[in-house]
Amino acid sequence: MKILLSGNEAIAQGALAAGCDFYAGYPITPQNELIAYMAKHMGAGTKRSPGPSRIFVQAESELAAISMVYGAAAAGARAMTSSSSPGISLMQEGISYLAGARLPAVIVNIMRGGPGLGNIAPSQADYFQATRGGGHGDYHLIVLAPASVQEAYDLTQTAFDLADKYRIPVMILGDGILGQMMEPMQLSVQKIKTAPVKKWALTGCRGRKPNIIKSFFMREGGLEQANLKLQQSYESIKQAQIRFEGLFLSDAEIVVVAYGTMARIAKGAINRLRGAGKKIGLLRPIGLWPFPQKPFQSKARRLKYLVVEMSYGQMLEDVRLAVEGRHPVEFLGRSGGGVPSEEEIIGRLQRML
Amino acid sequence: MIQRIIIGGSGGQGVMLLGKVIAQSAMLEGKQVTWFPAYGAEVRGGTSHCMVTIADSGIGSPYITAADTLIILNQPSLGKFKKLIKANGLLILNSSLAEAGRQTKIKVLQFPFTGIALKLGNLKVANMIALGVLVAAQKTVKVNNILKVFKSMAGAENPKLLEINRRALEEGLQLNHG
């Protein structure tokens, strides 16, 4: 049976299905439905939401929320927080610490306009912040970018699994449209997953050697060693965790590259042009870090790319790095509340054909 | 087939709910549908709107830049959205609170939804009368599916509430036949 949910609610529902047992957050538009849904459903077995007792905290600030997530993750919980752009900026210190301490957590950013307090309109201008680390130090998050309510639900469950598997913070990167939009989705009736046993977690050390969780390594060479371990982990993630969707790639003369909401708007434009016999394809990165580089290694002689973003060109840089100058890469983007429309994309593609 | 509907009114007129009822009904019919709300600082008395797109196959943008149908419940919303309606599109207007003016390029169905709702005894069901007009004119969704959605909504566990909404819908269906 399908139900009608917003993207924000679907992410929350996905977290519940994945066995998230600790949530801390601070309200901010356009992701408030997420924290509200968690507030309603995280509590112990109500009629509407039977299940184990879970902890929900509306924190006093974003810094507090991410620090609580750090603590819960260290204690072995499946921990999560969510916010929107300015709130995620406030969390960067904690996110860097999570990465340094190799703690699994899920962080949701439903992006709004920036810089600064910006506005509440949909945006994709936090791509650099999400994929380059965001805070200080040599680290990465796994970044997943759903394009539909169903995918938001599914990928949130994936995010918890990946976080535990690699001991890494995973970010779900959406935008205001994805968060607010309602769509039918399938609520797969599955048993609530429980987190795997975490031998490294701080669970009390009676009868065993104490575990230590830290991101502070003063001994000479200690930090380099820890960082090399991180790099090894990133390498295995790059090998195994590439996600993208390709549409009409085999005969495409122009490939539109877009993620999240922008990709579905682009898909609408592409379907209309395909109807008129134009050879346009779509490449939609689903994982933004690691970025899917291989699908850009086409040997086709006549091929152009058009990157479309709700920013002034951020993923564009990853596309250029992946294309390595073999093909022309053009860009269409708006920001600060502007969303490129199907008509704008069609207009640009027609000029490129 | 793809149908794009923008619904606008003032906060408190049930604009969001109207959109959700259409979206839920379309979902029951196995169609693709998106519902996208205005999510700014909308307040009672100010303008509020949502956008509903219904299609047989995948929907690209949930944001509507050219609407097939506008359902407008107050004057400020008409000013805001009339430029987004396609040529030959349909405007369903609450003439209790808004005036269409001269329209040559679009079809207009206007009835005093608020006035009729008051006669039914509940000001708040003006939205469902408008829904009746929409369904009679465009067969957007089936009446029995709307009734199912009414029943499934939490507030409609109250039989009186269910009944007044059903009557409002019926009233709207009749208006367009008449």
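Things worth noting here:
- Scaling against 2.2 N^0.38 Å puts the C-alpha radius of gyration of chain B at 0.94.
- If both residues of a DSSP beta bridge must be in chain B, then about 50% of such bridges are antiparallel.
- Residue pairs, from the table B:Lys80/B:Lys124; A:Lys294/B:Lys20; A:Lys279/B:Lys31; A:Lys2/B:Lys139; A:Lys229/A:Lys267; A:Lys199/A:Lys238, whose Cα atoms sit over 32 Å apart: A:Lys294/B:Lys20; A:Lys229/A:Lys267
- Peptide B:51-59, shielding by other chains (average Cβ, 10 Å cutoff): 2
- Couplings 3J(HN,Hα) for segment B:108-125, derived from phi with the Karplus relation 6.51 cos²θ - 1.76 cosθ + 1.60 (θ = phi - 60°), are 10, 10, 10, 9, x, 4, 5, x, 5, 4, 4, 5, 6, x, 8, 3, 6, 8 Hz, where x marks Gly and Pro.
- Mean Cβ neighbour count within 10 Å, used as a protection proxy, ranking B:56-67, A:70-81 highest first: A:70-81, B:56-67
- Spin-label pair B:Lys148-B:Lys80: with each label point 7 Å from Cα along the Cα-Cβ axis, the two points sit 3.2 nm from one another.
- Peptide A:178-188 - average C-beta neighbours from other chains (10 Å radius): 5
- Here the convex hull built on the C-alpha positions of segment A:245-352 has a volume of 91 cubic angstrom per residue.
- Most tightly packed first, judged by the mean number of other beta-carbon atoms within 10 Å of their residues, the peptides A:114-126, A:159-171 read A:159-171, A:114-126.
- Over chain A, Cα pairs under 8 Å with separation of 6+ residues give a relative contact order of 18 percent.
- The protein assembly as shown - share of DSSP beta bridges that are antiparallel (%, nearest 5): 35
- Debye, to nearest 20: dipole size of segment A:2-240, +1 on Lys, Arg Cβ, -1 on Asp, Glu Cβ: 1080
- Distance distribution P(r), segment B:89-178, all Cα-Cα pairs, bin width 10 angstrom from 0: 18, 47, 29, 6, 1 percent.
- Note on B:Arg102 and A:Arg206: the model spin-label points, each 7 Å out from Cα along the C-beta direction, lie 8.8 nm apart.
- The protein assembly as shown, dipole about Cα centre (Lys/Arg Cβ +1, Asp/Glu Cβ -1), debye to the nearest 20: 880
- A dipole drawn for the protein assembly as shown from +1 and -1 charges on Cβ atoms has a positive end, and of A:Leu283, A:Asn271, A:Gly113 the residue lying farthest that way is A:Asn271.
- Taking the square roots of 5 times each eigenvalue of the Cα gyration tensor of segment A:117-199, largest first, gives ellipsoid semi-axes of 24, 22, 8 Å.
- Put a dot 7 Å past the Cα of A:Gln232, heading toward its Cβ, do the same for A:Glu220, and the two dots end up 2.3 nm apart.
- Shielding of A:264-270 by partner chains, average beta-carbon count, 10 Å: 4
- Computed over the protein assembly as shown, the P(r) curve from all C-alpha pair distances, binned at 10 Å from the origin, holds 4, 18, 26, 24, 17, 8, 3, 1, 0 percent per bin.
- Diffusion of segment A:44-184 by Stokes-Einstein, at 10 °C in a medium of 1.306 mPa s and with Rh set to the Kirkwood radius over alpha-carbon pairs, works out to 103 µm²/s.
- Chains B and A together bury roughly 1500 Å² of accessible surface, counting both sides and using a 1.4 Å probe on protein heavy atoms.
- Pairwise Cα inverse-distance average, inverted: Kirkwood Rh of segment A:52-114 (Å): 11.9
- Over segment A:2-240 - Rg/Rh using Cα atoms and the Kirkwood inverse-distance radius: 0.96
The values are calculated or read from the model by the stated rules, or taken from the named source; none is laboratory data. Everything quoted here is computed from the prediction, not taken from an experiment. Counting neighbours? That spans all protein chains shown, and the Cβs are built from the backbone with ideal geometry, glycine included. Only protein heavy atoms, including side chains, enter the accessible area calculation; ligands, DNA and RNA are left aside. Shrake-Rupley method; radii C 1.70, N 1.55, O 1.52, S 1.80 Å.
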